[in-house]
Amino acid sequence: IGLAKIVDQMGAQHIYDYARKFGFGIRTGVPLPSEASGVLREFNDWTRLSGPFVSIGQEISINTLQLAVAYSAAANGGYLPKARIIKHIFGNGYEKRDYSPKPVRKVMARQTSEILLSMMEEVVNHGTATKARIPGFRIGGKTGTAEKFINGSYSKRDFISSFAAVFPIDNPKYVCVISVDSPKYGYHWGNETAAPIVKEIFERLIINNKEFIPVTPKEMPQ
């Protein structure tokens, strides 16, 4: 209800424009075969209910990479990056090639991205993603529990659970998105399935990277 009221104030066109701005419904262009573009219908095809539905994740589908790219914009201060799978190539006679991330466009103000990161940290510390917490380290993220669209309708038993995370939240270096297709019903929430996987990935990063130093409880936001 809350999101529907916000959409009513903003206008459905605004929701559509921002969804396109973040690259939803458009292939990222990553050099891998068979990338799905997802589904975001043209605004002329929207009904009066499309704005509220899209705002809660219905009438729209995206792939996991698109979601990771969108969260990267929040992590880097507001710029949507171009997706890539190679960091750099060098050695064995090859000329070094730089594949550093290039911004595609600005999608939000830095102040907005900072507010989002703060909210995401609250989700991990006190909200729906507590199973992603690692004592001494600042992590932010957002869980997702999406009903699968099967045979023309949304299922009440089959879901895709997900967790998108940024680490460390005060100086982002990593964005990690995990999606779990059709987890066991009753354990289909993002905090039950996807968040613990992200936690394990970040724990391995911490173990193998000495630059990540635990903060004291006094340094953790309350």
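The values are calculated or read from the model by the stated rules, or taken from the named source; none is laboratory data. The structure displayed is predicted, hence computed values, not measured ones. Positions of Cβ are generated from backbone atoms using ideal geometry, with glycine treated the same way; all protein chains shown enter the neighbour counts.
The residue that is farthest from Phe202 (Cα to Cα), counting only those in segment 145-167 that are modelled with pLDDT of 95 or more and touching a helix residue (DSSP H, G or I) at 6+ places or on another chain (Cβ under 9 Å), is Ser161. Evaluated against (1) crowded, with 19+ Cβ neighbours inside 10 Å; (2) touching a Leu at 6+ places or on another chain (Cβ under 8 Å), Arg105 falls short on exactly one condition, (1).
Quick check on this structure: which one of Lys173, Lys156, Lys210 is surrounded by fewer than 21 Cβ atoms within 10 Å (Cβ to Cβ), under 19 Å from the mean Cα position of the chain (by Cα) and free of Cβ contacts under 8 Å to residues at least 60 places away in the same chain? Going through Lys173, Lys156, Lys210 in turn, just one is surrounded by fewer than 21 Cβ atoms within 10 Å (Cβ to Cβ), under 19 Å from the mean Cα position of the chain (by Cα) and free of Cβ contacts under 8 Å to residues at least 60 places away in the same chain: Lys173.
Would it be correct to say that Leu3 is surrounded by fewer than 18 Cβ atoms within 10 Å (Cβ to Cβ), out of contact with any Phe, Trp or Tyr (no Cβ under 6 Å at 6 or more places or on another chain) and either in a loop (DSSP other than H, G, I, E, B) or at pLDDT 95 or above (or both)?
Considered against the rule, which asks whether it is surrounded by fewer than 18 Cβ atoms within 10 Å (Cβ to Cβ), out of contact with any Phe, Trp or Tyr (no Cβ under 6 Å at 6 or more places or on another chain) and either in a loop (DSSP other than H, G, I, E, B) or at pLDDT 95 or above (or both), Leu3 comes out as no.
Candidates Ile86, Ile115, Ile56: the one that is over 16 Å from the mean Cα position of the chain (by Cα) and among the β-branched types (Val, Ile, Thr) is Ile86. Here Glu219 fulfils each of the conditions (1) surrounded by 14 or more Cβ atoms within 10 Å (Cβ to Cβ); (2) among the charged types (D, E, K, R); (3) modelled with pLDDT under 90 apart from (1).
Looking at the structure I just gave you, is Glu121 outside the structural domain of Gly57 (by TED's automatic domain parsing), part of a helix (DSSP H, G or I), surrounded by 14 or more Cβ atoms within 10 Å (Cβ to Cβ) and not aromatic (Phe, Trp, Tyr)?
It is true that Glu121 is outside the structural domain of Gly57 (by TED's automatic domain parsing), part of a helix (DSSP H, G or I), surrounded by 14 or more Cβ atoms within 10 Å (Cβ to Cβ) and not aromatic (Phe, Trp, Tyr).
Take the conditions (1) without any contact (Cβ under 8 Å) to a residue 40 or more places away in the chain; (2) out of contact with any His (no Cβ under 6 Å at 6 or more places or on another chain); (3) among the aromatic types (Phe, Trp, Tyr); Phe24 misses just one of them, which is (1).
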